[in-house]
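The values are calculated or read from the model by the stated rules, or taken from the named source; none is laboratory data. These numbers were taken from a predicted model, which means no experiment stands behind them. Cβ sites come from the backbone with ideal geometry, for glycine too, and all protein chains shown count toward neighbours. Side chains are part of the model used for accessible areas, which takes the heavy atoms of the whole protein and leaves out ligands, DNA and RNA. Shrake-Rupley method; radii C 1.70, N 1.55, O 1.52, S 1.80 Å.
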Amino acid sequence: MGIIMNGVTGRMGTNQHLLRSIVEIIKQGGVKISAGETIMPDPVLVGRDENKLQNLCSISGIKKMSTDLDQVLADPLNTIYFDSQTTSRRADAIKKAVQAGKNIYCEKPIAVDTKQALELYQLCKKTGVKNGVVQDKLWLPGIIKLKRLIQQGFFGKILSVRGEFGYWVFEGDSIPAQRPSWNYRKEDDGGIIVDMLCHWRYLLDNLFGKVKAVSCLGATHIPERIDEKGKRYKCTADDAAYATFELEDGIVSQFNSSWAVRVRRDDLLTLQVDGTKGSAVAGLRECYIQHYGNTPKPVWNPDIAQPINFFEGWAKVPDQENYDNAFKVQWELFLKHIVKGDPFQWDLLEGVKGVQLAEKGLESWSKRCWVDIPEI
């Protein structure tokens, strides 16, 4: 399978999609689909910086690269177009790829607004190309364990979902920043609401129920940062978001997302699910549960030291499956979808929903009110 990989010189594209997904699939001998059939990726790396591409080829062992997107789109051997560019560049490139008859797989957000995102999905449907959007967190070990608990009825009636995401991103003056500077510039489509509410949409929709409404407050806590060239710049995008979501069946969900928070929790992302029969706290890889029968009975008394160690009474969910890299797992599913027509529910329409929630989150912040999420 010829795969055009556009924008993989960026951090996420390099690490997760190229080195830990496509390169690993090649190393394992491809994706086996039957006794006599294997899907073998044949990628070509595309970008604007030839030096970066050459370096990436030397690191990854991939031989093919190009700075000419039109040229690789014209090659009939390339059947998949993958995009992990910055958001503002994505829509035009996807349109070109669709018009060239390529199947589409892309990072999120798939576009800068809901209208543009929906146009991309409708274009794919009209031309008949297969399409998908990256929704990697669904295949994280901690989230898989959480999903199994839901399937087994562990929680009883689910009442609430609390998400804590984030870490301290250094400003770049004395210690280099670990995220790109465009993330903090609104004019470059930066901002944590646009970035993370797309993730929370597919997690909530797939695990707990459709998102019906959102109340979101954004903030720009750090007003200035230092960019990759050592130049000070003004932060014009939100670096934190405090959102509440109303889900189906009366479930209430709250997510705090911040690049200006210090971590004192199990992982960079934790989800606490509380139900009538039990609770769970899932991180990226581990999940801890507390059944109704193991729930302590605290009494409020601030005049004495807390006699209960609240970390006790939680049991670690054992590894009951083999867990591969989440990005790689979805890549393999998409390749099977292209070649064999295996079901793949995470199409660009799911990407549209993520953009929609981010857009409605920004609207809620602007209007300082609850905003309903209409059906697409």
Of all residues being outside any loop (DSSP other than H, G, I, E, B) and either polar (S, T, N, Q) or modelled with pLDDT under 95 (or both) in segment 109-154, which is nearest to Asp342 (Cα to Cα)? Just the residue, please.
Asn131
For segment 24-44, what are the residues that are within 22 Å of the chain's Cα centre (by Cα) and either open to solvent by less than 10 Å² (accessible area, probe 1.4 Å) or over 20 Å from Leu333 (Cβ atoms) (or both)?
Ile25
Restricting the search to segment 88-107, which residues are outside any helix (DSSP H, G or I) and at pLDDT below 95?
none
Within segment 145-186, of all residues that are polar (S, T, N, Q) and under 20 Å from the mean Cα position of the chain (by Cα), the one surrounded by the most Cβ atoms within 10 Å (Cβ to Cβ) is Asn183
How many residues does segment 315-329 contain that are out of contact with any Ser or Thr (no Cβ under 7 Å at 6 or more places or on another chain) and either open to solvent by less than 70 Å² (accessible area, probe 1.4 Å) or over 17 Å from Ala280 (Cα atoms) (or both)?
8
Listed residues Asp266, Asp303, Asp274; which is under 19 Å from Gln152 (Cα atoms) and charged (D, E, K, R)?
Asp274
Residue by residue through segment 339-356, note down the ones that are in a helix (DSSP H, G or I) and crowded, with 20+ Cβ neighbours inside 10 Å.
Leu348, Glu350, Gly351, Val352, Lys353, Gly354, Val355, Gln356
Out of all the residues in segment 357-366, which are of a type outside the set (Asp, Glu), in contact (Cβ under 8 Å) with a residue 40 or more places away in the chain and open to solvent by 10 Å² or more (accessible area, probe 1.4 Å)?
Lys360, Leu362, Trp365
Residues satisfying the stated conditions in segment 155-181, i.e. over 16 Å from Arg225 (Cα atoms) and in contact with a Lys or Arg (Cβ under 7 Å, 6 or more places away or on another chain)
Phe155, Gly156, Glu164
Any hit, segment 133-142, residues being among the charged types (D, E, K, R) and more than 20 Å from the chain's Cα centre (by Cα):
no
